[in-house]
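Colleague: Pasting a structure here, questions to come.
Since every read-out is calculated from the coordinates, none of them should be taken as a lab result. All of these numbers come straight from a predicted model, not from anything done at the bench. Cβ placement follows ideal geometry from the backbone for every residue including glycine, while neighbour counts extend to all protein chains displayed.
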Amino acid sequence: MHPKENRLLALLPEEEYAAVAPHLEPCAIPSGFIIVHANAPIEQVYFPCSGVGSVINISPEGNRVEAGLFGRDGFAPVAAAIDAGISVSEVTVQVPGFAYRLPQRTLADLMKTQPVFAGLLHKTVHVLATQAGFTALSNAVHEINERLARWILMCHDRIDGDKLALTHEFIALMLAVRRPSVTTALHILEGNHFIRSVRGLVIVRDRAGLEEFASDAYGKAEAEYERLIGPLRRSKRPSLTPQPHVSKTG
């Protein structure tokens with residue numbers, strides 16, 4: 001894949017891209033790959049061209065919850081953009097893909113001489129913080145069904161096609177809920193014909209219906225990315241099997 005499959009790299013003017021490109025190393029990012037461990041030094045910075053990654057916060061007792069989600073729209077870990085040295089959060093890959101990486105020290109040097117590059121990275125830090133804030137809001141005020149719809153939409157924005165290779169166990173970890181709650185929520189979304197759920201796979205069938213179901217749980221952070229950086233959300237598509245009634249409960 002070409003580095004410009006990453007939306008940040010694609011937005012660089014030619015002279016800045018020419019300065020950054022020689023430092024980019026291609027690499028696969030398999031599912032479960034840890035980009036950086038929590039509280040560990042940042043050695044490499046990744047610019048995904050495909051795949052989806054998660055920023056995971058871990059409590060002293062070992063409890064884990066997803067605080068952010070990214071793909072070809074961004075880079076990781078974002079703490080590298082402020083030369084933080086370490087990442088407080090774990091950053092891991094949930095949907096496998098391909099990326100380009102460069103050493104953290106090289107990134108810091110490039111940011112001093114390439115203003116558009118630096119500006120895009122700083123905007124991405126802001127957008128991820130916005131996303132984390134709305135994730136906290138959603139966790140507080142929305143039911144698991146709406147939170148799951150939001151999360152599927154966020155993943156869908158960052159992939160090609162409609163198939164997400166995700167297990168119930170992994171979704172439960174990302175949403176900080178028990179697996180039976182995920183199973184029930186998936187059944188509700190499937191019952192409304194928004195998705196199809198099979199073992200280890202979620203298939204988006206009705207994007208427009210899923211967005212309507214998620215309601216205000218989805219869209220604010222995405223709008224901020226689009227205001228500051230560029231397109232992110234997939235276009236809504238009509239349902240193949242329109243349903244006259246949408247149920248938010250089992």
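Colleague: Please give the helix 179-191 orientation as an angle from the longest Cα principal axis of the chain, in degrees from 0 to 90, rounded to the nearest 10.
Modeller: Orientation of helix 179-191: about 70 degrees from the principal axis.
Colleague: Please compute the contact order of the chain in relative form: average sequence separation of alpha-carbon pairs under 8 Å and at least six residues apart, divided by the residue count, as a percent.
Modeller: Once divided by the residue count of the chain, the mean separation gives 19 percent.
Colleague: Given H placed 1.01 Å from N in the peptide plane, which residues other than close sequence neighbours of Gln44 have an amide H under 5 Å from its amide H?
Modeller: Residues meeting the amide H criterion: Gln104.
Colleague: Next up: Report the Cα centroid-to-centroid distance between region 180-196 and region 12-59 in angstrom, as an integer.
Modeller: After rounding, the separation between the Cα centres reads 32 Å.
Colleague: To test your reading of the geometry: what angle, between 0 and 90 degrees and rounded to tens, separates the Cα axis of helix 144-157 from the longest principal axis of the chain?
Modeller: It works out to around 40 degrees.
Colleague: From the phi angles alone, apply the Karplus equation (6.51, -1.76, 1.60; θ = phi - 60°) to region 109-124 and give each ³J(HN,Hα) in whole Hz, x where the residue is Gly or Pro.
Modeller: So the Karplus estimates, Gly and Pro as x, are 5, 5, 5, 6, 10, 10, x, 5, 4, 4, x, 5, 5, 5, 5, 5 Hz.
Colleague: Determine Rg/Rh for the chain; Rg is computed over alpha-carbon atoms and Rh is the Kirkwood hydrodynamic estimate from the same atoms.
Modeller: Using only Cα positions, Rg/Rh for the chain is 0.97.
Colleague: Sorting check: for 222-228, 165-171, which peptide has the highest mean count of neighbouring beta carbons within 10 Å, and how do the rest follow?
Modeller: 165-171, 222-228
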